[in-house]
1. List residues of the stretch 19-35, by number, whose backbone nitrogen lies under 17 Å from a label position 7 Å along Cα→C-beta of Asp56.
2. Work out how much length Glu66 to Glu4 would gain on full extension: take 0.36 nm times their residue separation and subtract the Cα-Cα distance, in nm to one decimal.
3. What number, in nm² with one decimal, is the all-direction average of the projected area of the convex hull of the alpha-carbon atoms of the chain?
4. Taking θ as phi - 60°, what are the ³J(HN,Hα) couplings along the stretch 22-33 by the Karplus curve (6.51, -1.76, 1.60), each to the nearest whole Hz, with x for Gly and Pro?
5. Output the relative contact order of the chain, whole-number percent, from Cα pairs under 8 angstrom with separation of 6+ residues.
Amino acid sequence: MRIELMINKLNLSEAHFTKIDEEFTRRINAIWPDANVRVRLGGNNDLSVLGCLADDKERVEVLLQEMFDEADEWLYNDIDMY
């Protein structure tokens, strides 16, 4: 399975991007250890899931939504906001 997450680069610090990359990869690898995960910066937000069943794609979408719903718990920890 190949999963690519593109994040809008506007108003996103390098530290926040790194945390998103780490958290998304960690969550995906916990369920699909052999998945090829790539998080990159781009002009918009996009998710691409290839080489899997439709149910798996929906599961990745739910995982991503849960991850951002819980962002207050992991995204701002250890990041200097100033």
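Coordinate-derived values only; no laboratory data. Because the structure is predicted, anything quoted here is derived from the model rather than measured. Positions of Cβ are backbone-derived with ideal geometry, glycine not excepted, and every protein chain shown enters the neighbour counts.
1. 25-35
2. Numbers: separation 62, 0.36 × 62 = 22.32 nm, distance 1.70 nm.
Once the chain is fully extended between Glu66 and Glu4, it gains 20.6 nm.
3. That works out to 5.4 nm², a quarter of the Cα hull's surface.
4. Computed from phi, the couplings for the stretch 22-33 are 4, 5, 5, 4, 4, 5, 5, 5, 5, 9, 10, x Hz.
5. Working: 83 pairs, mean separation 36.8, N = 82.
Relative CO of the chain lands at 45 percent.
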